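Working notes for the structure below.
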Amino acid sequence: MQKSKRAVALHYDAERDRAPRVTARGQGKLAERIIATARENGIEIIEEEKLLSALYPLEVECEIPAPLYEAVSVVLAYVYRKQSMFAKKRSSPGDN
């Protein structure tokens with residue numbers, strides 16, 4: 001039997017939040033909608049089953065617990081680097 005797709009969305013604003021927090025979670029059709037909405041808005045999708053399993057039990061609007069800070073920080077650093085590279089490419093001279 002195939003496992004139902006699951007998804008967790010996180011948000012972190014370093015100026016406002018003490019820690020990243022879960023902004024959406026779901027499985028099946030809801031997970032598909034979360035992923036589709038992220039793609040439509042240019043939000044990076046990371047598929048990491050162990051991290052998903054650790055985050056999925058958390059309630060929406062819940063801050064992630066301290067033991068997950070390191071794992072989530074690795075993901076956020078990757079996403080921020082990618083966004084920064086994309087922004088630099090868009091603003092490079094000669095691209096206009």
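Derivation of every value follows stated rules applied to the coordinates shown; laboratory data play no part. It should be emphasised that the depicted structure is a prediction, and the values quoted were computed from it without experimental measurement. No Cβ is skipped: glycine too gets one built from the backbone with ideal geometry, and neighbour counts run over all protein chains shown.
Around residue 26, what is the net charge, scoring Lys/Arg as +1 and Asp/Glu as -1 over all other residues with Cβ under 15 Å from its Cβ? Working shown, then result.
Numbers: positive: 3, 5, 6, 25, 29, 33; negative: 32, 59, 61.
Value of the local net charge: +3.
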What's the angle, to the nearest 10 degrees (0 to 90), between helix 69-91's Cα axis and the longest principal axis of the chain?
30
Report the label-to-label distance for residue 33 and residue 83 in nanometres (one decimal), using points 7 Å from each Cα along the Cα→Cβ vector.
2.5
Take residue 62 and residue 15, extend 7 Å from each Cα along the Cα→Cβ direction, and tell me the distance between the two endpoints in nm.
2.9
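Counting only helical runs of four or more DSSP H residues, what would the 222 nm mean residue ellipticity of the chain come to if each run contributes -39,500 (n - 2.57) and the total is spread over all its residues?
-14000 deg cm²/dmol
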Rounded to a whole number, what is D in µm²/s for the stretch 3-96 from Stokes-Einstein with the Kirkwood radius over alpha-carbon pairs (25 °C, 0.890 mPa s)?
169
